[in-house]
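Accompanying notes for the structure given below.
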Amino acid sequence: MHAIKEARHLIEKSPEEESSKILSNLVLALETEASFAISEIYKLDMDQFGLALSILKEWRLDRYYAGKARLFDAALRAAELQTPH
């Protein structure tokens, strides 16, 4: 649950940063079962790369539904900022 919470805080704090965008896209792909280019996580620094791997592990457990929902909401809001109007 720590990775999900940490990612949510990172995305909410700085949704415009490249790392937040990558993590948001990862979360959106996991939630919607869409494709995600795994090579994107290689753009992250080592700490954020580890965070991405931890998100994958926690997501798989699927018992942290409330934390995932809040993270998904933050990722969705960040994705909306990326969409040209």
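The table that follows gives values for the structure above.
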| item | result |
| --- | --- |
| Close pairs (8 angstrom Cβ cut-off, 6 or more residues apart or separate chains): without any contact (Cβ under 8 Å) to a residue 12 or more places away in the chain in segment 17-33, outside any helix (DSSP H, G or I) and among the hydroxyl-bearing types (Ser, Thr, Tyr) anywhere | Ala29/Ser35 |
| Every residue from segment 68-85 that is within 15 Å of Ser19 (Cα to Cα) and either at pLDDT 95 or above or among the small types (Gly, Ala, Ser) (or both) | Ala74, Ala75, Ala78, Ala79 |
| Set Phe72, Phe49, Phe36: member being free of Cβ contacts under 8 Å to residues at least 60 places away in the same chain, outside any helix (DSSP H, G or I) and touching a helix residue (DSSP H, G or I) at 6+ places or on another chain (Cβ under 8 Å) | Phe36 |
| Number of the exception - Glu58 against (1) under 21 Å from Glu80 (Cβ atoms); (2) surrounded by 13 or more Cβ atoms within 10 Å (Cβ to Cβ) | (1) |
| Yes/no for Leu44 being buried (at least 16 other Cβ atoms within 10 Å of the Cβ) and closer than 12 Å to Ala7 by Cβ | yes |
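Listed here are the residues, each with its yes/no results for (1) in a helix (DSSP H, G or I); (2) of a type in the set (A, V, I, L, M); (3) modelled with pLDDT of 90 or more.
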site: Ile4; (1), (2), (3): yes, yes, no
site: Ala7; (1), (2), (3): yes, yes, yes
site: Glu16; (1), (2), (3): no, no, yes
site: Ser19; (1), (2), (3): yes, no, yes
site: Glu31; (1), (2), (3): yes, no, no
site: Arg60; (1), (2), (3): yes, no, no
site: Ala66; (1), (2), (3): yes, yes, no
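The values are calculated or read from the model by the stated rules, or taken from the named source; none is laboratory data. Source: prediction; values computed, not measured. All Cβ positions, glycine included, derive from the backbone under ideal geometry; neighbour counts span all protein chains shown.
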